[in-house]
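A.B. asks: This structure is in structure tokens; I'll ask about it shortly.
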Amino acid sequence: MGEGQRVAVVGAGRMGGAMVGTLRRAGVEVVVFNRTRPKAEAVAEATGAVVAASAREAVEGAQVVLSSLTDDAAVGAAYTGRDGIVAGLQPGTVVCESSTIDPGTVHRLRPLVEARRASLLDTPVSGSVSTVEAGQLTIMAGGDPEVLERARPALDPLAKQIFHVGGLGSGAVMKLAVNSILHGLNLALAEGLVLAERAGVAREAAYEVFAASAIAAPFVHYKREAFEHPGRPPVAFSLDLVEKDLELALALAAQSGAAMEQAATNHRVVQAAVAAGLGDHDLSELATYLRSSGPDPA
């Protein structure tokens with residue numbers, strides 16, 4: 001980015017915190033805000049970013065704002081109010097909303113941002129924390145392509161590819177489509193692994209075959225340790241967030257008239273796993289749930 005330019009990152013969770021680190025390693029000046037300040041302070045201490053006391057303070061003077069929050073409610077709270085993102089926006093600032101949210105939420109935010117003569121893009125990402133750290137995210141962007149060009153200095157260090165997929169809201173749509181497939185693959189992988197185990201094949205032997213077969217998507221490789229050794233690696237994507245994603249995808253399907261039978265089944269299984277107390281566990285622990293909920297072997 002140009003001399004004296006800076007990026008504000010709102011949300012210092014797993015993905016937001018990793019974004020701060022990658023931007024700092026690329027030499028970008030970053031100001032970070034998180035609703036619970038200790039998270040922001042930990043990220044700042046590790047990366048050399050500056051901590052802001054509010055979202056408003058974070059975005060004042062920033063050329064690009066990256067928002068990475070848990071859900072629609074958190075996004076709404078971060079944008080509005082006396083200390084929210086909108087209150088601190090300057091003319092010409094580009095806000096990149098990277099959270100996985102309802103496309104309708106993006107459209108509701110637009111007039112608030114544009115009233116400050118700033119611009120809004122929806123730029124959700126596909127990838128894990130390790131993908132962010134490697135600068136290898138896939139970014140799905142919706143909005144004005146000229147505005148996207150202005151945001152590129154902040155997005156390029158994070159991304160392997162940036163796809164402009166259409167008008168505002170289309171990035172959010174694409175993210176739900178991608179995640180519905182990801183979560184479908186996760187459940188299918190869990191089912192296949194537990195089937196092999198129940199029928200007498202060792203877990204590691206079964207996974208070795210999966211990882212060398214036609215189904216060996218990048219997801220299958222980077223989730224290998226989590227599936228083979230549940231609970232050993234840190235949680236990368238919790239099951240309660242999977243439940244949220246599938247609810248959003250199914251709501252969009254209902255609005256759009258799209259059939260999503262697999263997603264509906266997946267949602268039911270994930271709901272049951274969350275009800276069984278696995279909500280804060282990694283999504284790979286659907287296999288743990290299936291091991292505990294299936295019929296006892298004869």
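The values are calculated or read from the model by the stated rules, or taken from the named source; none is laboratory data. Quantities reported herein were computed from a predicted structural model and do not represent experimental measurements. Cβ placement follows ideal geometry from the backbone for every residue including glycine, while neighbour counts extend to all protein chains displayed.
A.B. asks: So, residue 184, is that one under 29 Å from residue 255 (Cβ atoms), over 19 Å from the mean Cα position of the chain (by Cα) and surrounded by fewer than 19 Cβ atoms within 10 Å (Cβ to Cβ) or not? Steps first, answer last, please.
C.D. replies: Details: under 29 Å from residue 255 (Cβ atoms): yes; over 19 Å from the mean Cα position of the chain (by Cα): no; surrounded by fewer than 19 Cβ atoms within 10 Å (Cβ to Cβ): yes.
The answer is no for residue 184.
A.B. asks: Go through 269, 274, 209, 201 for me and flag whichever is crowded, with 16+ Cβ neighbours inside 10 Å, of a type in the set (A, V, I, L, M) and more than 21 Å from residue 101 (Cα to Cα).
C.D. replies: 269
A.B. asks: So which residues in region 37-67 are at pLDDT 95 or above, of a type outside the set (D, E, K, R) and in a loop (DSSP other than H, G, I, E, B)?
C.D. replies: Within region 37-67, 48, 49, 52, 53, 54, 62, 63 meet the criteria.
A.B. asks: Within region 4-14, is there a residue that is of a type outside the set (A, V, I, L, M), in contact (Cβ under 8 Å) with a residue 40 or more places away in the chain, part of a helix (DSSP H, G or I) and in contact with a helix residue (DSSP H, G or I) (Cβ under 8 Å, 6 or more places away or on another chain)? If you could, list the steps in order and put the result at the bottom.
C.D. replies: Looking only at region 4-14, we keep the residues that are of a type outside the set (A, V, I, L, M), and these are 4-6, 11, 13-14.
Adding the requirement that they be in contact (Cβ under 8 Å) with a residue 40 or more places away in the chain leaves 5-6, 11, 13-14.
Keeping just the survivors that are part of a helix (DSSP H, G or I) gives 14.
When the remaining residues are screened for being in contact with a helix residue (DSSP H, G or I) (Cβ under 8 Å, 6 or more places away or on another chain), the result is 14.
Looking for residues that are of a type outside the set (A, V, I, L, M), in contact (Cβ under 8 Å) with a residue 40 or more places away in the chain, part of a helix (DSSP H, G or I) and in contact with a helix residue (DSSP H, G or I) (Cβ under 8 Å, 6 or more places away or on another chain), one finds at least one in region 4-14, hence yes.
A.B. asks: Among the residues of region 159-218, how many are of a type in the set (Lys, Arg) and touching a Pro at 6+ places or on another chain (Cβ under 7 Å)? If you could, list the steps in order and put the result at the bottom.
C.D. replies: Here is the first cut: in region 159-218, the ones of a type in the set (Lys, Arg) are 160, 175, 198, 203.
Filter again for touching a Pro at 6+ places or on another chain (Cβ under 7 Å), leaving 175, 198.
Looking only at that region, the number is 2.
A.B. asks: Look at region 1-55 and say how many of its residues are surrounded by 24 or more Cβ atoms within 10 Å (Cβ to Cβ), closer than 14 Å to residue 133 by Cβ and of a type outside the set (A, V, I, L, M).
C.D. replies: Residues meeting the conditions: 2.
A.B. asks: Among the residues of region 252-291, write down those that are of a type in the set (D, E, K, R) and assigned to a helix (DSSP H, G or I).
C.D. replies: Filtering region 252-291 for residues of a type in the set (D, E, K, R) gives 261, 268, 280, 282, 285, 291.
Correct list: 261, 268, 285, 291.
A.B. asks: Determine, yes or no, whether residue 99 is surrounded by 17 or more Cβ atoms within 10 Å (Cβ to Cβ) and under 16 Å from the mean Cα position of the chain (by Cα).
C.D. replies: Here the answer is yes, as residue 99 does meet what is asked.
A.B. asks: Another question, then. Does residue 141 satisfy the condition of being among the small types (Gly, Ala, Ser), surrounded by 21 or more Cβ atoms within 10 Å (Cβ to Cβ), assigned by TED's automatic domain parsing to the domain that holds residue 18 and in contact with a His (Cβ under 7 Å, 6 or more places away or on another chain)?
C.D. replies: yes
A.B. asks: Another question, then. Pairs, please: C-beta under 9 Å, at least 6 apart or cross-chain, first residue more than 16 Å from residue 51 (Cβ to Cβ) and in region 19-37, second of a type in the set (Asp, Glu)?
C.D. replies: Once the first residue is more than 16 Å from residue 51 (Cβ to Cβ) and sits in region 19-37, its partners that are of a type in the set (Asp, Glu) give 22/133; 25/133; 26/156.
A.B. asks: In region 26-36, is there at least one residue being part of a helix (DSSP H, G or I), basic (Lys, Arg), farther than 13 Å from residue 63 by Cβ and at pLDDT below 95?
C.D. replies: In the first step, residues of region 26-36 are kept if they are part of a helix (DSSP H, G or I); the result is none.
The answer is no; no qualifying residue exists.
A.B. asks: Got at least one residue in region 85-101 being within 24 Å of residue 14 (Cα to Cα) and assigned to a helix (DSSP H, G or I)? Even if it seems obvious, please write down each step before you answer.
C.D. replies: Looking only at region 85-101, we keep the residues that are within 24 Å of residue 14 (Cα to Cα), and these are 85-86, 94-101.
Now drop any that are not assigned to a helix (DSSP H, G or I), which leaves 85-86.
Yes, some residue in region 85-101 is within 24 Å of residue 14 (Cα to Cα) and assigned to a helix (DSSP H, G or I).
A.B. asks: Here's something else I'd like to know. For region 243-261, how many residues meet the condition of being crowded, with 17+ Cβ neighbours inside 10 Å and touching a residue at least 60 places away in the same chain (Cβ under 8 Å)?
C.D. replies: 7
A.B. asks: Now for a separate question. Would you confirm, using the coordinates I've provided, whether residue 117 is part of a loop (DSSP other than H, G, I, E, B), over 21 Å from the mean Cα position of the chain (by Cα) and among the charged types (D, E, K, R)?
C.D. replies: Working: part of a loop (DSSP other than H, G, I, E, B): yes; over 21 Å from the mean Cα position of the chain (by Cα): yes; among the charged types (D, E, K, R): yes.
For residue 117, the condition - part of a loop (DSSP other than H, G, I, E, B), over 21 Å from the mean Cα position of the chain (by Cα) and among the charged types (D, E, K, R) - is met.
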